[in-house]
Ligand SMILES: [Zn+2]
């Protein structure tokens, strides 16, 4: 590594600054600091709020003959909970709920989407693997 080539300033055809190019060897020395700085500027977003109001509405107007089930199971990775709200840490995050009896969860293990539809006489469950999950395409 040479000092005069370790950092190169990139410009476009009009000469406007576009960024900085760091030689790999130099990058290795400063990346921890740079990435740490980036993390400070863009902190990891807090967990998305769950649509609990919608869930409360579903519970309030629940008129089926069975109790609203609390169990969730992910067919994609085998993650399972008997009470999705009671896990610590949470295994499933509620992503959608509606009064029609639909509940949709995100598996915290593999990001699959588990959707439960509650009907008068049955509950259907579908599990859609996360698109980036390589195991689903094998
Ligand atoms: Zn899963």
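Here, each number is a calculation from the coordinates, and none is a lab measurement. Only a predicted model underlies this, so the values are computations on that prediction, with no experimental measurement involved. Don't worry about glycine lacking a Cβ; one is built from the backbone with ideal geometry, like all the others, and counts go over all protein chains shown.
Given Cα positions, please report Rg to Rh for the range 1-97, the hydrodynamic radius being the Kirkwood one. Provide the component values of the computation, followed by the final result.
Values: Rg = 25.2 Å, Rh = 19.0 Å.
Checking Rg against Rh, the ratio lands at 1.33.
Gap in Å between the Cα centre of the range 1-22 and the Cα centre of the range 26-72?
Between the Cα centre of the range 26-72 and that of the range 1-22, the gap is 38 Å.
If you stretched the chain out fully between residue 25 and residue 59, how much longer would it get, using 0.36 nm times the residue separation minus the C-alpha to C-alpha distance?
Working: separation 34, 0.36 × 34 = 12.24 nm, distance 5.85 nm.
Taking residue 25 through residue 59 to full extension adds about 6.4 nm, to one decimal.
Translational D (Stokes-Einstein, µm²/s) of the range 68-116 at 20 °C and 1.002 mPa s when Rh comes from the Kirkwood sum over C-alpha pairs? The partial results should precede the final answer.
On the way: Rh = 10.7 Å.
In µm²/s, the coefficient rounds to 201.
Comparing 87, 12, 121, which has the greatest mean-square fluctuation in the GNM of the chain with Cα pairs linked when under 10 Å apart?
Among 87, 12, 121, the largest GNM mean-square fluctuation belongs to 12.
Mark the label point 7 Å from the Cα of residue 67 along Cα→Cβ and return the residues of the range 84-112 whose backbone N is within less than 17 Å of it.
Output list for this probe position: 84-87.
Stretch residue 109-residue 11 to full length: gain in nm at 0.36 nm per residue minus the Cα-Cα span?
31.0 nm
Between residue 119 and residue 87, what's the calculated FRET efficiency when r is the beta-carbon distance and R0 is 30 Å? Round to 0.05.
Working: r = 26 Å, r/R0 = 0.86.
Here the calculated transfer efficiency is 0.70.
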